[in-house]
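Data block below; observations after.
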Amino acid sequence: MASSIANVNMLSNNERNFFEALLERNIRADGRNKTEARKVNVEFRRTTKSLKQCNSHCQVSFGETKALAVVSCEVVEPYPDRQTEGILSISTTLSPMASQHFEFGKQSNSPQAIKVGSAIEQAIRESKALDVEALCIVAGSKVWSIRCDVHILNHCGNLVDAGCLAALGALAHFRRPEVSVVGDVVTIYELDEREPVPLSIHHLPLCVSFGLYRTKSPSNSDSPKKPQVYVITDPTDREEEIMNGMLTVVVNPHGEICSLIKQGWPPLSIDDLDFCISIATEKSKEWAALIKS
C-alpha cells in the first residue's frame, strides 16, 4: 500500500487479484487500457468588473475528478531580497466536499493537501513558467502579487494533474490592470479605461501522473512466475488505493522535461521511465492545446 492521496483502508485480496487480472489483459475497471487517460474538459471564465474583482477561473475535469483554480492580483511591496520581482503564490485546498476522506478544518494543512500542493507548486514555480520580473511596477516599491487558489471539487483520482492544468489555465487566461509610471506617480487604470494585460508566461509545464503497481511474489519459491511492475496512466481514486507508488512527469508541449516527482516504490527500469516520458509528452501537447484554445 503506498501513496494514495486519501486515507483509505487496504483492499481485500480478492479486489487486488481482480485488479491484477485486469492489468494482465491490458484493461481497467472503467474500460480504458493502461496508457489511456480519461476525457479532459476545460472551462474558462473571467471577471473584470473592477480592480478588486479582477480574476480568472479555470475548471478542469478528468472524468469525475474536478478542480477549480482562481487567479487574482494586488499591488504589494516586493520581498527585500527580490526587489525587481513580483510574487506568485499558489495554495491548494482539499475540502470534505471533494471526498469523505478529507478532514474538515484541515483543508490546506493536511498531508494530502501539502502533497498535492507541493507537486503543483514545484511544477509551476520551479520550472519558472511565469515571468515574475514582468510583474515589477517600481523596483523596491511596488510589484504585482499574483495569487492562484486551487480548489479540489471532486476527488476521483489524479488530483495533481487536474490541479496543475487548472492552475496553468487560470494563469494563462488572467488579465491584470494596465499600469503607467510617470516620475514618482503610479497610475493603475480601471479595466474599462484601458485593456487589461495578460501575464507573461514562458511555457506550460504540465503534470502527467502514472500509477505504479508491483504484483506480489508467488508463495511458492519454485514458481517461475516473477513479480511484474505495471504502469498505468491517469489512475482513478480506486486504482490509487492499491498503487505501490506514483510517478509524475512535469513536461511542457515542447517535450522539455521540467522535473520528475516519484512517491513510493517500486523502482522503475529505464524502459519504463522512457515509456512514461513518451506518454507524458503526448498528453502535455493535448492538454496545452485545451488551454490555448
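The values are calculated or read from the model by the stated rules, or taken from the named source; none is laboratory data. Small disclaimer: the values here were computed from a predicted structure and weren't measured. Neighbour counts are summed over all protein chains in view; Cβ atoms, including those assigned to glycine, are modelled from backbone coordinates with ideal geometry.
Here are some notes:
- Residues that are over 19 Å from residue 148 (Cβ atoms), modelled with pLDDT of 95 or more and of a type in the set (Gly, Ala, Ser) within the stretch 59-99 comprise just one, 63.
- Test: residue in the stretch 179-198 that is within 27 Å of residue 119 (Cα to Cα) and either loosely packed, with under 15 Cβ neighbours inside 10 Å or at pLDDT 95 or above (or both): yes
- Residue count for the stretch 4-46, restricted to those that are farther than 24 Å from residue 231 by Cβ and modelled with pLDDT of 85 or more: 6.
- Assessment of the stretch 162-173 against the conditions (part of a loop (DSSP other than H, G, I, E, B) and either farther than 21 Å from residue 42 by Cβ or of a type outside the set (Ser, Thr, Tyr) (or both)) yields at least one matching residue.
- Some residue of the stretch 193-212 being touching a helix residue (DSSP H, G or I) at 6+ places or on another chain (Cβ under 7 Å), in the same structural domain as residue 28 (by TED's automatic domain parsing) and farther than 26 Å from residue 90 by Cα: no
- Check on residue 117, in contact (Cβ under 8 Å) with a residue 24 or more places away in the chain and buried (at least 18 other Cβ atoms within 10 Å of the Cβ): yes
- The set of residues from the stretch 47-88 being of a type in the set (Asp, Glu) and loosely packed, with under 15 Cβ neighbours inside 10 Å comprises 64, 74, 77, 81.
- Residue 44 passes every criterion in (1) assigned by TED's automatic domain parsing to the domain that holds residue 97; (2) crowded, with 19+ Cβ neighbours inside 10 Å; (3) of a type outside the set (Val, Ile, Thr) apart from (2).
- Look at the stretch 279-293: where a residue is within 16 Å of residue 198 (Cβ to Cβ) and a partner is among the hydrophobic types (A, V, I, L, M, F, W, C) and in a helix (DSSP H, G or I), sitting 6+ places away or on another chain with Cβ atoms under 8 Å, you get 291/165; 291/168; 291/172; 292/172.
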